[in-house]
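Following: one structure in structure tokens, then a few remarks.
The values are calculated or read from the model by the stated rules, or taken from the named source; none is laboratory data. These numbers were taken from a predicted model, which means no experiment stands behind them. With ideal geometry, Cβ positions are generated from the backbone for all residues, glycine too; neighbour counts draw on all protein chains shown. Quick note on the areas: whole protein, heavy atoms, side chains included, nothing else; ligands and nucleic acids left out. Shrake-Rupley method; radii C 1.70, N 1.55, O 1.52, S 1.80 Å.
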Amino acid sequence: MKKLKALFSAAVLACCSMMFAVQSQAAIISQSVYVGGLEIISYDLELDNSLINSGMGAISTYDGLAFNLVDFYIPLADGWNPVMNDFEAVIDVDNIFAGVEFLYVDAEDDFPWYYSVFYDAFSTINNYATIFFAGDYQLEAFEDDVMVVNSVSLSEPSVLALFALAFGGMMVRRRRA
């Protein structure tokens, strides 16, 4: 009876750990856009685990799937409350480590400066970034040297932590016996 109870407890723990592992997976894609060596914008995208390696190919933030802009930061607008007017990103969910394939950003701050970035990984000749002042609509900067730096992190499932906890519990139980 003791062995049956121990086997049942181990099975319940294994099932619970797999349940938590499936619910916690999501990819966070953090990227920074550099123009002429200067960081213009950095952003974080969240991609639901159901889309990863799903065979859907390229998806966009406009598709309404579980692919969202989580956070963005414009270093040049630090302290001026930047606002994102338009944001579109396209990613291949079957190869998320390649990062964003297409990016369009239109943002402004309170000063008011306007920031616009267009990036296409496959047609780099058309990439550009512009910054202009809204008071006189004078173009202050235009650069076609746009570079995107990727950082993709897949959240670790909590299985390892649960297995460590189970191992610790087994060690305590073994010392009592």
Given the criterion open to solvent by 50 Å² or more (accessible area, probe 1.4 Å) and over 20 Å from A26 (Cβ atoms), identify the matching residue among L65, L139, L69. L139
Filter pass, L103 being open to solvent by 50 Å² or more (accessible area, probe 1.4 Å), out of contact with any Ser or Thr (no Cβ under 6 Å at 6 or more places or on another chain) and closer than 20 Å to E39 by Cβ: no
Which residue is farthest from A27 (Cα to Cα), if the candidates are limited to segment 77-95 and must be open to solvent by less than 80 Å² (accessible area, probe 1.4 Å) and of a type in the set (A, V, I, L, M, F, W, C)? A77
For segment 96-127, how many residues are assigned to a helix (DSSP H, G or I) and without any contact (Cβ under 8 Å) to a residue 40 or more places away in the chain? 3
Can you name the residue in segment 45-62 that is surrounded by 16 or more Cβ atoms within 10 Å (Cβ to Cβ) and closer than 28 Å to F132 by Cβ and is also nearest to the chain's Cα centre (by Cα) among such residues? L45
State whether one or more residues within segment 108-115 are within 13 Å of S42 (Cβ to Cβ) and either open to solvent by 40 Å² or more (accessible area, probe 1.4 Å) or at pLDDT 90 or above (or both). yes
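When you look at S42, is it at pLDDT 90 or above and surrounded by 13 or more Cβ atoms within 10 Å (Cβ to Cβ), yes or no?
Working: at pLDDT 90 or above: yes; surrounded by 13 or more Cβ atoms within 10 Å (Cβ to Cβ): yes.
Answer is yes for this residue.
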